[in-house]
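All remarks here apply to the structure that follows.
The values are calculated or read from the model by the stated rules, or taken from the named source; none is laboratory data. Keep in mind that this is a model prediction, so the values were computed, not measured. Positions of Cβ are generated from backbone atoms using ideal geometry, with glycine treated the same way; all protein chains shown enter the neighbour counts.
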């Protein structure tokens, strides 16, 4: 941590889900109960999160399933707005949230690349220039012309990974997507992530694979019951994470 | 939906790409592709001519029916597409940081593109059915924009509720055939006794369809009443759509 310039700063962040707690499943129930209840009930997924991640850091989020890690990444990528508090980002974000999400199964690989790049805000000229690079990195070869519904899960993750990293992000969010694909491609992805890191990018990493995490990251946070319980070195957080399962 | 968003070129690009995707997906894996959009009004036209021509004592009934059908199909189908646009794009909504207004807007753009494409052969057909072209055709584009405002606003309003209660899309597909008979398409308003014609005017769709009748059937600019009412209805729809969307978009991610 030679350089303590903040890249991401969360101050007192609350994130809520809005759900119909009264369990309306139909319009009839809704109309009969109109006025009795509020339409949507607020439920806190993350509460009072304070976190600072610095430039060039690789930071891991550890926690049980459903503890709010993915929601935190969604909030960082701007998909969910915080209910309260402030999320400050000091760079362009590339989210890699789950494998194959956002891919349109009826379209071909190339069509998907074009669509995703446009949705990520790239211009037509940029997409045209980068297209061969993306296809090349994905190693999909002939298969880029197939409809994505004929892809294996590994191929889908290759495609989505290749699209996500193309913009040379300053902040890369990775949500358990590196564990798919064959060993060769996993290595390649890890290498690419390291390369992006060496170029000065900040990486936030969600994974249950502790070896991967300790290999990649220096600091980590433990997310539990919707709060960041502890921030420290990967070893310390890993220890606390394991303790969660001991009783 | 701030001003900056509507002027943002990245946003335009994204909306356009989504619209192209929608059109590609609609006709992928189908042999006849876009012709399906034309087949439906043609079959209806045939039925209307066979069944309703005898009771409608108006000139060029086929032209009347065709111009009504094309725009009825456009309005009713595109409202449904706007309603379901959030759910149809759930995966993208959850994984890419894109303003959620992109989805209804792209559904609207796709619907307009589809309309314009089918309108080319239909326009030729209209001449055979007795259409007389004149300057009133110039009213088409401005009026299409007003209609798009109505569709987008109503679709946005219902689409927002539909994220929470999927009943809306089912309700819409159930009541829309009833509205088809409530709107003068298969019959001319003159068929009703004079004292009952005001009933037709309680139907918001009436003003839009009758304006299209003005342009393509009567070859005249939409009447002041038709245009004014359409404009007001469109403005009102956009208003309620905007309010509902703004209030409830925060619940989209957790309910889609």
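Observations, loosely collected:
- The range A:10-29, residues that are modelled with pLDDT under 80 and either in a loop (DSSP other than H, G, I, E, B) or away from chain B (no Cβ under 12 Å) (or both): A:20, A:21, A:22, A:23, A:24, A:25, A:26
- Filter result for residue B:82 (within 14 Å of chain A (Cβ to nearest Cβ) and under 24 Å from residue B:140 (Cβ atoms)): no
- Among the residues of the range B:139-157, those that are farther than 13 Å from residue B:238 by Cβ and touching a residue at least 12 places away in the same chain (Cβ under 8 Å) comprise B:139, B:140, B:143, B:144.
- Among (1) touching a helix residue (DSSP H, G or I) at 6+ places or on another chain (Cβ under 7 Å); (2) within 14 Å of chain A (Cβ to nearest Cβ) - the single one residue B:95 does not satisfy: (1)
- Within the range B:189-220, the residues that satisfy the criterion of being in contact (Cβ under 8 Å) with a residue 60 or more places away in the chain and buried (at least 19 other Cβ atoms within 10 Å of the Cβ) are B:205, B:208, B:209, B:211, B:212, B:213, B:214, B:215, B:216, B:217.
- Considering the range A:46-73, and only residues there that are surrounded by 22 or more Cβ atoms within 10 Å (Cβ to Cβ) and touching a helix residue (DSSP H, G or I) at 6+ places or on another chain (Cβ under 8 Å), the residue that is nearest to the other protein chains (Cβ to nearest Cβ) turns out to be A:46.
- Enumeration of residues in the range A:91-134 that are touching a strand residue (DSSP E or B) at 6+ places or on another chain (Cβ under 8 Å) and more than 25 Å from residue A:72 (Cα to Cα): A:105, A:106, A:107, A:108
- No other residue among B:256, B:168, B:151 is buried (at least 17 other Cβ atoms within 10 Å of the Cβ), out of contact with any strand residue (DSSP E or B) (no Cβ under 9 Å at 6 or more places or on another chain), within 14 Å of chain A (Cβ to nearest Cβ) and under 19 Å from residue B:82 (Cβ atoms) apart from B:168.
- Failed criterion for residue A:160 (all others in (1) within 28 Å of residue A:47 (Cβ to Cβ); (2) under 18 Å from the mean Cα position of the chain (by Cα) hold): (1)
- Here the range B:225-242 is the region considered, the condition is being surrounded by fewer than 17 Cβ atoms within 10 Å (Cβ to Cβ) and free of Cβ contacts under 8 Å to residues at least 60 places away in the same chain, and the residue that is nearest to residue B:148 (Cα to Cα) is B:232.
- Looking only at the range B:7-32, and only at residues there that are within 14 Å of chain A (Cβ to nearest Cβ) and outside any helix (DSSP H, G or I), the one that is surrounded by the most Cβ atoms within 10 Å (Cβ to Cβ): B:8
- Count of the range B:167-178 residues which are touching a residue at least 40 places away in the same chain (Cβ under 8 Å) and farther than 20 Å from residue B:105 by Cα: 2
- Condition met for residue A:120 (within 14 Å of chain B (Cβ to nearest Cβ) and buried (at least 20 other Cβ atoms within 10 Å of the Cβ)): yes
- Meets criteria (over 22 Å from residue B:94 (Cβ atoms), buried (at least 21 other Cβ atoms within 10 Å of the Cβ) and away from chain B (no Cβ under 12 Å)) for residue A:138: yes
- Candidate set from the range A:163-184 (those that are within 14 Å of residue A:122 (Cβ to Cβ) and modelled with pLDDT of 80 or more); member that is surrounded by the most Cβ atoms within 10 Å (Cβ to Cβ): A:163
- Residue within the range B:110-124 that is part of a helix (DSSP H, G or I), buried (at least 20 other Cβ atoms within 10 Å of the Cβ) and within 14 Å of chain A (Cβ to nearest Cβ) present: yes
- Qualifying residue in the range A:89-111 (condition: more than 11 Å from every other protein chain (Cβ to nearest Cβ), surrounded by fewer than 20 Cβ atoms within 10 Å (Cβ to Cβ) and closer than 21 Å to residue A:151 by Cβ): yes
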